[in-house]
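Below is one structure; the comments refer to it alone.
The values are calculated or read from the model by the stated rules, or taken from the named source; none is laboratory data. It should be emphasised that the depicted structure is a prediction, and the values quoted were computed from it without experimental measurement. Positions of Cβ are backbone-derived with ideal geometry, glycine not excepted, and every protein chain shown enters the neighbour counts. Surface accessibility is based on the protein's heavy atoms, side chains included, excluding ligands, DNA and RNA. Shrake-Rupley method; radii C 1.70, N 1.55, O 1.52, S 1.80 Å.
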Amino acid sequence: RPIEMVSERWYSPRLQTAVMTKRSDPRMGETVYRMSNIILADPPASLFQVPAGYTVKEGPQMMFVEKKQQ
């Protein structure tokens, strides 16, 4: 009896990615990758705000050595 493998892929043009892929192989079983809980709204602006109390500190200066070509 022949080995029959089946692949299924659902693609979302809006998300520009596969939202579900499924592979059935009698030797390896079934594998399913599925996106879930997709939110199409803009993320909250608070994710892009600098946290309160955040400060920038100067670190050690980097030293670069330039090799002259001869």
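Could you work out how far apart the two model spin labels at L15 and K68 are, taking each label as a point 7 Å from the Cα in the direction of the beta carbon, and quote it in nm?
The modelled label-to-label distance comes out at 5.9 nm.
So if I place +1 on the C-beta of Lys and Arg and -1 on the C-beta of Asp and Glu, and nothing else carries charge, what would the dipole magnitude of the chain be about its Cα centre? I want it in debye, nearest 20.
Numbers: 10 positive and 7 negative charges, 47 e Å.
In debye, rounded to 20, the chain gives about 220.
Take each of the peptides 24-32, 39-47, average the number of other beta-carbon atoms within 10 Å over its residues, and list them starting from the highest. Mind showing how you got there, number by number?
Details: 24-32: 10.3, 39-47: 6.6.
In decreasing order of mean packing, 24-32, 39-47 become 24-32, 39-47.
Quick one: pull the percent of accessible area on the chain belonging to carbon and sulfur, 1.4 Å probe, ligands and nucleic acids left out.
54
Tell me the net charge near S7. Cut-off is 12 Å between Cβ atoms, S7 excluded, with +1 for each Lys or Arg and -1 for each Asp or Glu.
Counting the neighbours of S7, the net charge comes to -1.
Send over the semi-axes of the chain's equivalent ellipsoid, whole angstrom and largest first, taken as the square roots of 5 times the C-alpha gyration tensor eigenvalues.
Values: eigenvalues 460, 154, 33 Å².
So the equivalent ellipsoid measures 48, 28, 13 Å along its semi-axes.
If each of S36 and V50 carries a label point 7 Å out from its Cα toward its Cβ, how far apart are those two points in nm?
In this crude label model, S36 to V50 measures out at 4.0 nm.
How would you rank 10-23, 50-63, highest first, on the average number of other Cβ atoms within 10 Å across their residues?
10-23, 50-63
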